[in-house]
Amino acid sequence: DEKQLDRFAAAEAPAIAALMPADAAAFVHDPAASDVLQGRLQVVRMPEKPPRKKLGGMSAQQQKEELDQLQALASAKEADADAEATAPGAAQMTSVDKLASWLLHQTDLGGAD
C-alpha cells in the first residue's frame with residue numbers, strides 16, 4: 001500500500017519496502033512499534049487464492065507454507081491479544097515465544113546444552 005511509504009520515509013532506521021500486486025500478501029513489520037513481535041507485526045492482506053505455480057525459486061507448496069507461517073504469526077498475535085484481555089498481567093509464554101524457543105532448541109543457537 002502506497003500509504004505505508006510515508007511511514008517508511010519517516011523511519012530513522014534503515015527500512016525496506018516492496019510494492020506488490022494486489023493479490024499478494026502484505027504486511028508491515030515495525031521494530032519501533034514494540035519490543036515483542038505481536039506489537040510489531042501487522043498483516044494487512046492475505047491472498048484470496050492459494051499459489052498455483054512456481055515463483056522464482058519457490059514452488060507453489062513452499063509459497064503456501066510461507067503464507068501459512070505468516071497467517072500463524074497473525075493468528076498468534078490475535079490469540080495473544082485475547083489472552084492478555086482475559087488475564088491482564090499474567091506472565092504467559094505466547095505461541096510466538098514457544099515457536100522461537102523450539103526453533104532455537106532445534107538449531108542450538110540458544111547456547112543451551
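Computed values, structure above
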quantity	calculated
Cα-centred dipole magnitude for region 1-72, charges only on beta-carbon of K, R (+1) and D, E (-1), debye, nearest 20	380 debye
Pairwise label distance in nanometres, residue 54 with residue 3, each label 7 Å out on the Cα-Cβ vector	3.8 nm
Förster-model FRET efficiency, 30 Å R0, residue 75 and residue 10, C-beta, rounded to 0.05	0.55
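Only the coordinates and a few stated rules stand behind these numbers; no lab work does. These figures come from a predicted structure and were not determined experimentally. Note that we place each Cβ from the backbone using ideal geometry, even for glycine, and neighbour counts take in every protein chain shown.
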